[in-house]
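First comes the structure, then the notes that go with it.
The values are calculated or read from the model by the stated rules, or taken from the named source; none is laboratory data. In this text, all values refer to a predicted model and were calculated from it rather than measured experimentally. We place every Cβ from the backbone using ideal geometry, glycine too, and count neighbours over all the protein chains shown.
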Amino acid sequence: MRRMFTKISKEYASISVGKLFLAIFLLGLCIRLIFPELRVFHIDEAIHAWMSYGLWMNGSYMYDPKYHGPLLYYLMATVFSLFGDTDAIGRLIPGITGAFLIPAVYALYKLEYLSKNKALIAALFCAISPHLVYFSRFLRHDIFQLLFIFLCIICIYAYFERKKWYFLPLSGIFAAFALCLKEEVPATLFIIISFFCIMCLLGKIIFPKTWARDGAITLLVIIAIGYTFYTSLFSHPEVFFNAAHMALTHWLGIQDECRLCGAPYWYLLMLLLV
């Protein structure tokens, strides 16, 4: 038995990390793309697909916080126009997006924030996690938001590690894409920015001398992308300035509605079933 484990250990050590990540990526991709029409569309998927189809057919769209941000609809309208409007095509892009969480973990490994074993375990969890697989086979904003936030964080790490100015605007591109998806992203970005500022105050990281210029470029990138999508490709410029108020008004109002009623401990009981 010991000899067998020793042999397996040696073979594992001899395989390059890149090949192991490629195998895990292909596994995750297969799990996400196999039998995409096994389930009928959830009501949320049907709404998102229908709005994307409408955008493709008549070119009309205006931001409504009830259905979250515009990026998903422009992305899916483009996909429908290129590949057709089937249920399988509707789940193709979320599946590919979810699988790309695995190369994102590889990027963290290359930045030396994760060891080989930790990175491979994290990648394997991304590949087979029931929760991540479910939302990767689901036409909704969540999996896109997760990938873009992850890539944003990786680019910020790369900005400090590689000392290249363009990584910060690149993080801004991914942050802007996330902001064009769901309304809670500003809170997520606030947490991320706060973390890096605290790390700077503690002396764990050092901001480059060009951080003010790089930050200004990044902010302009975020505004440009946000303006493009929230104005429906410049068709409704007033929406960009009203979007934050629209989102707050709608989602704060939702709190008064009994959508999932139950006692304060209801969610704790539900977590036991997850």
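Tabulated values for the structure
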{"read-out": "Unmet requirement for M246, which otherwise passes all of (1) assigned to a loop (DSSP other than H, G, I, E, B); (2) in contact (Cβ under 8 Å) with a residue 24 or more places away in the chain", "value": "(1)"}
{"read-out": "Count of region 79-88 residues which are surrounded by 13 or more Cβ atoms within 10 Å (Cβ to Cβ) and closer than 16 Å to N58 by Cα", "value": "4"}
{"read-out": "Region 196-228 - residue that is of a type in the set (F, W, Y) and at pLDDT below 95 and, of those, farthest from N242 (Cα to Cα)", "value": "F207"}
{"read-out": "Single match in M57, M76, M62 (criterion: in contact (Cβ under 8 Å) with a residue 60 or more places away in the chain, more than 30 Å from G18 (Cα to Cα) and exposed (fewer than 15 other Cβ atoms within 10 Å of the Cβ))", "value": "M62"}
{"read-out": "Selection within region 55-82 - in contact with a Lys or Arg (Cβ under 9 Å, 6 or more places away or on another chain) and outside any helix (DSSP H, G or I)", "value": "H68, G69"}
{"read-out": "Residues of region 234-254 classified as surrounded by 13 or more Cβ atoms within 10 Å (Cβ to Cβ) and more than 13 Å from E183 (Cβ to Cβ), total", "value": "4"}
{"read-out": "Subset tally (residues that are without any contact (Cβ under 8 Å) to a residue 60 or more places away in the chain, of a type in the set (A, V, I, L, M, F, W, C) and not in a helix (DSSP H, G or I)) for region 32-54", "value": "4"}
{"read-out": "Among the candidates F160, F174, F190, F196, residue that is touching a Cys at 6+ places or on another chain (Cβ under 7 Å), under 26 Å from A104 (Cα atoms) and not charged (D, E, K, R)", "value": "F174"}
{"read-out": "Number of positions in region 83-105 that are within 15 Å of the chain's Cα centre (by Cα) and either part of a loop (DSSP other than H, G, I, E, B) or not aliphatic (A, V, I, L, M) (or both)", "value": "6"}
{"read-out": "Filter pass, A46 being farther than 19 Å from A123 by Cβ and modelled with pLDDT of 90 or more", "value": "yes"}
{"read-out": "Selection within region 224-233 - surrounded by 14 or more Cβ atoms within 10 Å (Cβ to Cβ) and at negative phi", "value": "I225, G226, Y227, T228, F229, Y230, T231"}
